[in-house]
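Visitor: Below you will find the structure I want to go over with you.
The values are calculated or read from the model by the stated rules, or taken from the named source; none is laboratory data. Bear in mind the structure is a predicted one, so any value in this text is a computation, not a measurement. Please note: Cβ atoms are built from the backbone with ideal geometry, for glycine as well, and neighbour counts cover all protein chains shown. These area figures cover heavy atoms from the full protein model, side chains too; ligands, DNA and RNA do not enter into them. Shrake-Rupley method; radii C 1.70, N 1.55, O 1.52, S 1.80 Å.
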Amino acid sequence: MTKLKSLRTFVTSTLIASTLSVGALSSMSIHAHSEHVHASKALEQAVAGEHRAAKNKARDQYRHPVETLNFFGFKPTMTVVEITPGGGWYTEILAPALKGQGKLYGAHYPDTGEDNYYSNSRKKLQKKLASNAVFSEMVLTDFVPRKPSELAPQGSADLVLTFRNLHNWKDEGVVQVFKDAYKALKPGGVLGVVEHRLPAGVAPEKAKGYVSEAHTIKQAKDAGFRFAGSSEINANPKDMAQHPKGVWTLPPSLALGDKDKAKYLAIGESDRMTLKFIKPENSSFSDFKAQK
């Protein structure tokens with residue numbers, strides 16, 4: 001009889017524990033779903049905003065901003081770094097989606113007072129940011145290619161993003177940028193990379209502007225990141241990558257002008273890899289430097 005009571009007690013305790021566990025998991029799942037819905041809604045509202053340039057909206061079909069940022073785990077409460085915002089294509093989406101809840105850093109080329117691409121790009125971006133209150137909370141920091149840069153205060157960022165930049169930075173620059181991103185991120189933070197993808201077996205000199213996915217993953221791992229996965233959100237199977245003027249042959253650049261324009265418009269924008277990396281929870285930049 002005593003053994004039977006003990007068995008009943010054990011079974012009852014197990015059932016209660018199981019019920020509590022299921023309840024906790026269910027609660028976590030509901031919370032995660034709610035956060036995802038909230039993030040998607042914030043992004044969708046930003047994408048639909050009247051502040052966006054019409055030419056930028058026309059490229060949504062190729063750049064898939066909502067799906068891309070959701071893949072990287074974007075939340076409106078995050079601290080996000082966008083490296084070299086350029087003309088502000090993604091800034092038009094990130095700034096309003098984060099305004100009032102999160103924080104956005106734009107790590108861009110500094111204005112050195114010279115009449116060159118880097119200084120002029122900074123001035124153009126600053127003019128854009130001053131044109132609409134939706135950008136009022138964005139903070140610009142200085143990014144210098146191939147030199148150590150503080151993209152954001154050390155360990156402050158939840159998400160660091162780079163869109164179609166690796167080919168400009170070359171290997172030396174990518175190595176440095178990944179180190180800078182690692183330093184800026186919190187443990188558990190995400191580095192999101194979108195880049196023109198070099199087809200396997202194609203020599204880089206035959207596909208200018210395209211970058212090897214396997215090589216990029218290795219570079220990120222060498223910087224201390226863990227590869228968390230890839231997405232085909234921005235894939236384009238029509239793009240074979242070997243074009244007369246490299247990736248700039250395709251839209252939006254259309255480097256050949258009207259020559260074969262219909263052909264390249266039919267291909268669309270480039271085939272792109274979309275890669276997600278995570279800074280390990282138990283890591284810090286000082287630990288990484290010591291390992292090196």
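Visitor: Provide a single number: the residues in the stretch 236-250 that are in a loop (DSSP other than H, G, I, E, B), free of Cβ contacts under 8 Å to residues at least 60 places away in the same chain and surrounded by 14 or more Cβ atoms within 10 Å (Cβ to Cβ). Reasoning before the result, please.
Guide: Step one: list which residues in the stretch 236-250 are in a loop (DSSP other than H, G, I, E, B), which gives 236-245, 250.
Checking which are free of Cβ contacts under 8 Å to residues at least 60 places away in the same chain leaves us with 237-245, 250.
Filter once more, so that each one left must be surrounded by 14 or more Cβ atoms within 10 Å (Cβ to Cβ): 239, 241-243, 245, 250.
Number of matching residues: 6.
Visitor: Scan the stretch 91-121 residue by residue and report those that are open to solvent by 10 Å² or more (accessible area, probe 1.4 Å) and among the hydroxyl-bearing types (Ser, Thr, Tyr).
Guide: Once the filter is applied, which keeps residues that are open to solvent by 10 Å² or more (accessible area, probe 1.4 Å) and among the hydroxyl-bearing types (Ser, Thr, Tyr), the stretch 91-121 yields 105, 109, 112, 117, 118, 121.
Visitor: Do you know which of the residues in the stretch 266-292 that are within 27 Å of residue 69 (Cβ to Cβ) and loosely packed, with under 12 Cβ neighbours inside 10 Å is modelled with the lowest pLDDT?
Guide: Ranking the qualifying residues of the stretch 266-292, first place goes to 282.
Visitor: Any chance you could count how many residues in the stretch 254-271 are closer than 21 Å to residue 233 by Cα, in a loop (DSSP other than H, G, I, E, B) and free of Cβ contacts under 8 Å to residues at least 24 places away in the same chain?
Guide: Here is the first cut: in the stretch 254-271, the residues closer than 21 Å to residue 233 by Cα are 264-271.
With the extra rule that they be in a loop (DSSP other than H, G, I, E, B), the set shrinks to 268-271.
The next check asks that each one be free of Cβ contacts under 8 Å to residues at least 24 places away in the same chain; those that pass are none.
Total meeting the criteria: 0.
Visitor: Regarding the stretch 43-66, can at least one residue be identified that is within 24 Å of residue 154 (Cα to Cα) and touching a residue at least 12 places away in the same chain (Cβ under 8 Å)?
Guide: Taking the stretch 43-66 first, the residues within 24 Å of residue 154 (Cα to Cα) are none.
No, that holds for no residue.
Visitor: Shifting gears a bit: Determine if the stretch 173-189 includes at least one residue that is part of a helix (DSSP H, G or I), closer than 25 Å to residue 249 by Cα, open to solvent by less than 20 Å² (accessible area, probe 1.4 Å) and modelled with pLDDT of 95 or more.
Guide: Scanning the stretch 173-189, I find at least one residue that is part of a helix (DSSP H, G or I), closer than 25 Å to residue 249 by Cα, open to solvent by less than 20 Å² (accessible area, probe 1.4 Å) and modelled with pLDDT of 95 or more, so the answer is yes.
Visitor: Related question: Output the residues belonging to the stretch 50-89 that are hydroxyl-bearing (Ser, Thr, Tyr) and buried (at least 22 other Cβ atoms within 10 Å of the Cβ).
Guide: Selection gives 68 alone.
Visitor: Looking only at the stretch 131-153, count how many residues are of a type in the set (S, T, N, Q), buried (at least 16 other Cβ atoms within 10 Å of the Cβ) and out of contact with any Leu (no Cβ under 7 Å at 6 or more places or on another chain). Please lay out each step first, then the result.
Guide: Applying the first criterion (of a type in the set (S, T, N, Q)) to the stretch 131-153 yields 131-132, 136, 141, 149.
Okay, now just the ones that are also buried (at least 16 other Cβ atoms within 10 Å of the Cβ), so 141, 149.
From the residues that got through so far, the ones that are out of contact with any Leu (no Cβ under 7 Å at 6 or more places or on another chain) too are 149.
The total comes to 1.
Visitor: May I pose another question? Do you know which residues across the stretch 68-87 are over 12 Å from residue 36 (Cβ atoms) and either in contact with a helix residue (DSSP H, G or I) (Cβ under 9 Å, 6 or more places away or on another chain) or of a type in the set (A, V, I, L, M, F, W, C) (or both)? Show your work before the answer.
Guide: Restricting attention to the stretch 68-87, the residues satisfying the condition of being over 12 Å from residue 36 (Cβ atoms) are 68, 72, 77-87.
Passing the criteria: 72, 77, 78, 79, 80, 81, 82, 83, 84, 85, 86, 87.
Visitor: With (1) in a strand (DSSP E or B); (2) loosely packed, with under 14 Cβ neighbours inside 10 Å as the list, and residue 158 as the residue in question, which single condition is left unmet?
Guide: Every listed condition holds for residue 158 apart from (2).
Visitor: Sticking with this structure for a sec: Taking the condition of being open to solvent by 60 Å² or more (accessible area, probe 1.4 Å) and part of a helix (DSSP H, G or I), how many residues in the stretch 35-49 meet it?
Guide: Within the stretch 35-49, the subset open to solvent by 60 Å² or more (accessible area, probe 1.4 Å) is 35-38, 41, 44-45, 48.
The next check asks that each one be part of a helix (DSSP H, G or I); those that pass are 35-38, 41, 44-45.
Qualifying residue count for the region: 7.
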